[in-house]
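Student: Right, I'll just put the structure down here and ask away after.
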Amino acid sequence: MLLSITLVFLAELALAQRWTETMPVVVEGLKRNYELFVPKNYSEGKAHPVVFILHGGGGRASRMPRFTKYRFNQLAERDGFIAVYPNGYKKGWNDGERDTLTEARRLKINDVRYFDVVINDLKKQLSIDEERIFACGISNGGFMVQRLALERPRIFKAIDVVAANMSKDQQAMSLEQPVPVIFICGTADPLVPYNGGPVTVFNQQRGEVLSVHESIQFWKEENSCLVLAEETDYPDLNTSDDCTVHKTVWKNPDNSAIQVVNIRIENGGHTWPGTRQYLPKRFIGNVNQDMNGCDEIWSFFKAIK
């Protein structure tokens, strides 16, 4: 048994090393990097979409392929997009002014500028579709992609937010142009409260956030997505995960491509659906297995032209 587990781990490690390449960049004097996956069917004669996949607080870019069970890499191979796993400063993102407990926020690291530099680096090396750059992220990464959309709406075509709401300082901002958004959040998230309040990690409060309902309302108003277009209960395919899925879609009446989507994981935790239980349930709650979060996200991005 130990041998088989070791072989599986080594195989996954080999895949991660083969499939991604660490790319160095310098941002305002700081040496930083990102992980890059280019699909085998990449062609210089074609403009390829780009999907950024942001880790959460305490995470690293190099761990995100395995964390998402390599699904984004598989989807990139199938559909021809470029997957980018950006690296936060000292395992965190400066998503705003929620608190100063992470180094990135305390030092006011210019993470928006970091993405400018990474995108410019990609443009120099690869044939990318500048009209189809997307970003998704979990937790601290989910807060960060909202900041990116608010400050760079002309760059990011759409975003996805996993296990994160909207921070109160972000609520004071507004969009220059629409950015479709999809939220995937658990109602029993023990770290980022679904109904709003202080983010709490290991009994330490990390700033106030809006409820998911209030966060979605913000994006609905900014995107003029006031038409309820769809309500769906997903089949409860895995009854042992103790959670279910409900999807709601709002559309802009003048442009149906502009949408705000809420995928509510009833009794779900601070987790990414379809992945492994990366920490015990008593710390992060349940992982839903009725859907694959990566597939939902890419399906949402892929439909936006």
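The values are calculated or read from the model by the stated rules, or taken from the named source; none is laboratory data. These numbers come from a predicted model, not from an experiment. Using ideal geometry, Cβ is built from the backbone for each residue, glycine included, and neighbour counts are taken over all protein chains shown.
Student: Evaluate the following for residue 5: is it β-branched (Val, Ile, Thr), in contact with a Ser or Thr (Cβ under 8 Å, 6 or more places away or on another chain) and either at pLDDT below 95 or not in a helix (DSSP H, G or I) (or both)? Spell out how you get there, then give the answer.
Tutor: Details: β-branched (Val, Ile, Thr): yes; in contact with a Ser or Thr (Cβ under 8 Å, 6 or more places away or on another chain): no; either at pLDDT below 95 or not in a helix (DSSP H, G or I) (or both): yes.
In short, no.
Student: Evaluate segment 38-52: report whether one residue or more is within 24 Å of residue 270 (Cα to Cα), at pLDDT 75 or above and within 22 Å of the chain's Cα centre (by Cα).
Tutor: Among the residues of segment 38-52, at least one is within 24 Å of residue 270 (Cα to Cα), at pLDDT 75 or above and within 22 Å of the chain's Cα centre (by Cα), which makes the answer yes.
Student: Taking residue 195 as meeting all but one of (1) touching a helix residue (DSSP H, G or I) at 6+ places or on another chain (Cβ under 7 Å); (2) assigned to a loop (DSSP other than H, G, I, E, B), write down the number of the exception.
Tutor: It is condition (1) that residue 195 fails.
Student: Return the pairs, sorted by first residue and then second, in which the second residue is part of a helix (DSSP H, G or I) and among the aromatic types (Phe, Trp, Tyr), the first residue lies in segment 69-80 and is within 12 Å of residue 294 (Cβ to Cβ), the beta carbons are less than 7 Å apart, and the residues are 6+ apart or on different chains.
Tutor: Listed by first residue and then by second, the contacts come to 73/19; 75/298.
Student: Also: Would you call residue 137 in contact with a Gly (Cβ under 9 Å, 6 or more places away or on another chain), part of a helix (DSSP H, G or I) and either farther than 17 Å from residue 259 by Cα or modelled with pLDDT under 95 (or both)?
Tutor: Values: in contact with a Gly (Cβ under 9 Å, 6 or more places away or on another chain): yes; part of a helix (DSSP H, G or I): no; either farther than 17 Å from residue 259 by Cα or modelled with pLDDT under 95 (or both): yes.
It is false that residue 137 is in contact with a Gly (Cβ under 9 Å, 6 or more places away or on another chain), part of a helix (DSSP H, G or I) and either farther than 17 Å from residue 259 by Cα or modelled with pLDDT under 95 (or both).
Student: Sticking with this one: Is it true that some residue in segment 199-209 is of a type in the set (D, E, K, R), surrounded by 16 or more Cβ atoms within 10 Å (Cβ to Cβ), modelled with pLDDT of 95 or more and under 25 Å from residue 93 (Cβ atoms)?
Tutor: So far as segment 199-209 goes, no, none of its residues is of a type in the set (D, E, K, R), surrounded by 16 or more Cβ atoms within 10 Å (Cβ to Cβ), modelled with pLDDT of 95 or more and under 25 Å from residue 93 (Cβ atoms).
Student: In addition: Exactly one condition in (1) surrounded by 15 or more Cβ atoms within 10 Å (Cβ to Cβ); (2) in a strand (DSSP E or B); (3) over 18 Å from the mean Cα position of the chain (by Cα); (4) polar (S, T, N, Q) is false for residue 259; which is it?
Tutor: (3)
Student: Are there any pairs, at least 6 apart or on different chains, whose C-beta atoms fall under 8 Å, with the first in segment 157-179 and in contact (Cβ under 8 Å) with a residue 24 or more places away in the chain and the second surrounded by fewer than 15 Cβ atoms within 10 Å (Cβ to Cβ) and in a strand (DSSP E or B), and if so, which?
Tutor: Cβ pairs passing all conditions: 157/131; 178/255.
Student: Taking the conditions exactly as written (under 22 Å from residue 97 (Cβ atoms), acidic (Asp, Glu) and either modelled with pLDDT under 95 or surrounded by 23 or more Cβ atoms within 10 Å (Cβ to Cβ) (or both)), does residue 160 satisfy them or not? Break it down stepwise before answering.
Tutor: Values: under 22 Å from residue 97 (Cβ atoms): no; acidic (Asp, Glu): yes; either modelled with pLDDT under 95 or surrounded by 23 or more Cβ atoms within 10 Å (Cβ to Cβ) (or both): yes.
No.
Student: Would you call residue 240 among the hydroxyl-bearing types (Ser, Thr, Tyr), out of contact with any Cys (no Cβ under 6 Å at 6 or more places or on another chain), in a helix (DSSP H, G or I) and surrounded by fewer than 17 Cβ atoms within 10 Å (Cβ to Cβ)?
Tutor: yes
Student: Could you say which residue among 247, 281, 251, 302 is surrounded by fewer than 23 Cβ atoms within 10 Å (Cβ to Cβ), among the basic types (Lys, Arg) and closer than 21 Å to residue 83 by Cβ?
Tutor: Working: 247 fails: closer than 21 Å to residue 83 by Cβ; 281 fails: closer than 21 Å to residue 83 by Cβ; 251 fails: closer than 21 Å to residue 83 by Cβ.
That would be 302, the only listed residue that is surrounded by fewer than 23 Cβ atoms within 10 Å (Cβ to Cβ), among the basic types (Lys, Arg) and closer than 21 Å to residue 83 by Cβ.
Student: Just wondering, is there one or more residues in segment 202-218 that are under 19 Å from the mean Cα position of the chain (by Cα) and of a type in the set (Gly, Ala, Ser)?
Tutor: Yes, segment 202-218 contains at least one residue that is under 19 Å from the mean Cα position of the chain (by Cα) and of a type in the set (Gly, Ala, Ser).
Student: Ok, one more. Please give the number of the condition residue 167 fails out of (1) crowded, with 16+ Cβ neighbours inside 10 Å; (2) on the phi < 0 side of the Ramachandran plot; (3) modelled with pLDDT of 95 or more.
Tutor: With respect to (1) crowded, with 16+ Cβ neighbours inside 10 Å; (2) on the phi < 0 side of the Ramachandran plot; (3) modelled with pLDDT of 95 or more, residue 167 is out only on (3).
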